[in-house]
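Below you'll find the structure, written out as structure tokens, and then a few comments.
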Amino acid sequence: MTRLESECSIAVVVTAHEHPPTDSGSWQAWWAAIIPVAGLLELGAHCVQTCSVTPESDWKAARDYVAAQATSDDLIAFAPRWADPLGREYFGSDLATIEREARADESRFPRAFEVSIRGAHLGALADWTRDAQRRFGAVLVTTWRNPAPARVLDDFVAMVNPERLQVSIVQGNRETDCAFVGAAPVLSGGLGAGQAVPARRFTCPGGGLVATSIVADADYYPHRCIYAPPAGGASLVRLRFLGVAMGHALRGHQGQYIETDTSPQGPLVTITFRVDESIVGQAVHRAADGWKPFEFDTTRLAGRRADIVVEVGVSKGERYPYCFEANTR
């Protein structure tokens with residue numbers, strides 16, 4: 001035990017044995033004693049906090065190990081979740097990438113490096129096989145193997161560009177194209193300001209847009225997705241993904257900006273997937289649903305490439321901050 005830890009223990013023990021006087025005439029002295037006692041308690045709490053901080057050298061040693069072991073297909077994740085900002089700081093954006101940090105889920109990663117402190121583990125990896133563990137002081141790196149990794153054929157989020165996607169607004173029988181802009185002003189988003197939107201995006205008549213973005217779920221976990229807010233009424237946002245490699249399933253998630261994702265009485269957002277004018281699948285998102293998964297069987301289309309038309313509409317209200325991701329597998 002270090003000298004600082006000993007002092008912390010002594011401070012806590014001393015304060016724990018303080019008892020209020022039983023003499024009713026000494027209450028004034030008792031109240032006067034509370035202040036130094038409270039100060040000792042605060043000092044003890046401060047000591048516990050400072051004594052338990054994970055050293056920077058431990059984080060850097062873990063980072064160097066993971067950097068030497070991980071491939072681009074591997075997941076790098078931090079536990080507990082509140083330690084994620086520390087992980088991003090020490091590991092840097094080359095390892096703590098957007099694709100890893102704002103993943104839709106863990107299903108497509110064949111292997112994961114879980115970097116943890118204080119004995120924490122991620123529940124999403126509970127069914128994976130543990131391959132190895134290495135400890136670097138207070139940081140534990142566990143290597144997990146996915147027993148059944150998904151083989152993604154095409155990722156819709158990666159297709160948000162004019163070569164693979166066409167966007168339009170449909171109002172009744174009228175369809176109006178949305179132009180792709182490569183250098184529009186960035187919309188930073190933030191508290192009360194909606195989702196962030198990058199410079200490269202599709203801009204639509206009336207102020208609509210389609211772009212890649214990040215949405216936070218009810219637990220404030222980030223997810224990379226396609227921001228496609230429907231305008232309401234009979235209006236639809238139509239996205240035509242070109243030459244999609246088809247497999248046996250079309251899987252995805254949908255959500256909305258967290259500040260509007262609160263009331264079950266909110267409007268319904270419907271997303272519909274079509275191939276050759278036939279509906280492949282349809283999913284509904286209600287406010288308070290959070291980051292909601294969906295999956296459709298596409299076995300009849302497996303082995304071919306097809307244009308997939310996606311239509312997004314909302315039951316009521318004005319433009320709704322909706323986001324989705326999808327992939328074929």
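General observations
- The stretch 113-151, residues that are surrounded by fewer than 16 Cβ atoms within 10 Å (Cβ to Cβ), touching a residue at least 60 places away in the same chain (Cβ under 8 Å) and at negative phi: R134, R151
- Among all positions in the stretch 256-268, there is no residue which is under 28 Å from R300 (Cα atoms) and touching a residue at least 40 places away in the same chain (Cβ under 8 Å).
- For the stretch 152-175, residues that are touching a residue at least 24 places away in the same chain (Cβ under 8 Å), outside any loop (DSSP other than H, G, I, E, B) and under 15 Å from A228 (Cα atoms) total 9.
- Within the stretch 188-241, being within 16 Å of E325 (Cβ to Cβ), buried (at least 18 other Cβ atoms within 10 Å of the Cβ) and touching a helix residue (DSSP H, G or I) at 6+ places or on another chain (Cβ under 7 Å) holds for T212, R224, C225, I226, F241.
- The stretch 56-81 residues that are part of a helix (DSSP H, G or I), paired with ones that are among the polar types (S, T, N, Q) and buried (at least 19 other Cβ atoms within 10 Å of the Cβ) (beta carbon under 9 Å, 6 or more apart): Q69/T143
- Among the residues of the stretch 269-316, just one is β-branched (V, I, T), loosely packed, with under 15 Cβ neighbours inside 10 Å and in contact (Cβ under 8 Å) with a residue 24 or more places away in the chain, namely T299.
- From the list T129, T176, the lone residue that is of a type in the set (S, T, Y), outside the structural domain of V210 (by TED's automatic domain parsing) and at pLDDT 95 or above is T129.
The values are calculated or read from the model by the stated rules, or taken from the named source; none is laboratory data. Keep in mind that what you see is a predicted model, and the values were worked out from it rather than measured. Cβ coordinates were reconstructed from backbone atoms using ideal geometry, including for glycine residues, and neighbour counts include every protein chain displayed.
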